Amino acid sequence: PDLERTLVKNYDVRWEFFPKSGEVIALSGYYKDFTNPISIAFVPEAANPEIRYENLEEATVYGVEAEFRKNLGFITPKLNDFKVFSNISYIHSVSPVPTQEKEIIEEINPDKGTTRPFIGQSPWLFNAGLNYGNREAGWDATIAINAFGDRLQSLRFGEQPDIYEQSRAALDFTVKKSINDRMSLKLSIMNLLDAKYRTQMNYKGNEFIVTDFRRGRTYGVSLSYNI
């Protein structure tokens with residue numbers, strides 16, 4: 001009941017160029033200024049770990065993004081049905097540690113720092129892929145890779161190091177074939193690389209693994225009928 005709503009000032013700038021229909025080259029930048037952002041905070045006086053939500057004074061997020069989508073027909077007409085696309089982002093987010101925790105950190109583990117990124121916010125994101133689309137033949141296929149930088153997964157109280165999800169890449173493939181105007185068949189293979197899902201904490205230059213496993217690949221086949 002004591003929480004105040006967060007106010008955000010957004011500043012955005014974007015430049016776009018469209019060489020042809022369906023193609024784009026774009027650059028953008030943004031800055032977000034948060035007043036009274038809501039954050040998770042630990043209850044120091046609790047016997048067992050307890051959290052609550054409280055307002056911080058401020059927080060900021062800013063970044064740049066580049067986007068690219070291009071048909072490959074300029075190489076040879078045989079590649080008219082192919083297009084490549086890519087997107088890369090750099091994001092910097094920072095919010096202060098709640099006051100009570102800050103005092104403990106400064107006294108016991110100053111290396112942890114008194115600011116942290118937003119939970120779940122990667123410092124960079126990268127996507128790229130190749131698409132094949134032929135409407136006359138009814139084919140649409142895409143292979144795409146997605147990657148992200150280390151991101152804060154969960155908080156630990158005071159001087160304890162926070163847990164970060166480690167960077168990894170995922171490669172996905174989907175192909176769709178239209179049988180007629182109403183029916184289509186789709187095949188998907190997700191997480192082809194099956195990269196390790198790893199979370200860890202760092203303490204005074206040492207790495208401590210929290211989880212380390214592979215999620216496996218996912219295969220799917222679906223038949224769709226539009227009424």
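The values are calculated or read from the model by the stated rules, or taken from the named source; none is laboratory data. Quick caveat, the model's predicted, so the values are computed rather than measured. Backbone-built Cβ (ideal geometry, glycine too); neighbour counts: all protein chains shown. We work out accessible area using only protein heavy atoms, side chains counted, and drop any ligands, DNA or RNA first. Shrake-Rupley method; radii C 1.70, N 1.55, O 1.52, S 1.80 Å.
Given contacts defined as C-alpha pairs under 8 Å and at least six residues apart, what's the relative contact order of the chain, whole-number percent? Working shown, then result.
Details: 545 pairs, mean separation 25.9, N = 227.
It rounds to 11 percent for the chain.
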Dimensionless Rg ratio for region 1-115, taking C-alpha atoms and the 2.2 N^0.38 Å reference = 1.68
Max mean-square fluctuation residue, GNM over the chain, Cα-Cα springs under 10 Å, options SER86, SER122, SER178 = SER178
Given the chain, what count of lysine pairs have C-alpha atoms under 24 Å apart, with each pair 8 or more places apart or on different chains?
-> 19
Residue range of the chain that is longest and free of GluC sites (Glu not before Pro) which are both DSSP loop and sparsely packed (at most 13 other C-beta within 10 Å) | 137-227
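Counting only heavy atoms of the protein chains, get the accessible area per residue of the chain (1.4 Å probe) and round it to a whole Å² value. Don't jump to the answer; show the numbers that get you there.
Numbers: 14680 Å² over 227 residues.
Per-residue value: 65 Å².
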So how far apart, in nm, are the two label points at ILE179 and TYR197 if each is 7 Å from Cα heading toward Cβ?
-> 3.3 nm
Pick from PRO96, PRO117, PRO19: which is most flexible by mean-square fluctuation in a GNM of the chain where alpha carbon atoms under 10 Å apart are linked?
-> PRO19
Dipole magnitude of region 9-109, debye to nearest 20 (Cβ charges: Lys/Arg +1, Asp/Glu -1, about Cα centre) | 1040 debye
Between LEU72 and LYS102, the two model label points (7 Å from Cα along the beta-carbon direction) sit apart by a distance in nm of 5.3 nm
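Could you quote the convex hull projected area for the chain, Cα atoms only and averaged over all directions, in nm²? Each step should come with its number before you reach the end.
Values: hull surface 72.5 nm².
Seen from a random direction, the Cα hull of the chain projects 18.1 nm² on average.
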Report relative contact order for region 1-98 in percent, whole number only (criteria: Cα-Cα under 8 Å, sequence separation at least 6).
-> 25 percent
Given 0.36 nm per residue, what is the gain on full extension from ASN48 to ASN80 after removing their alpha carbon distance, in nm?
-> 5.3 nm
Keeping the other protein chains in place, figure out the carbon and sulfur percent of the accessible area of region 1-77, with a 1.4 Å probe.
-> 56 percent
Spacing of the two label points (7 Å from each Cα toward its C-beta) at ARG214 and ASN226, in nm = 3.8 nm
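Would you calculate, for the chain, the mean residue ellipticity at 222 nm contributed by helices, counting each DSSP H stretch of 4 or more residues as -39,500 (n - 2.57) and dividing by all residues, to the nearest 500?
-1500 deg cm²/dmol
Looking at the chain, which longest stretch skips every one of the trypsin sites (Lys or Arg not before Pro) that is in a DSSP loop with at most 11 other Cβ atoms within 10 Å, leaving the sites themselves out?
Details: sites that count: ARG5, LYS20, ARG135, ARG182, LYS204.
Counting only loop sites that pass the neighbour cut-off, the longest clear stretch is 21-134.
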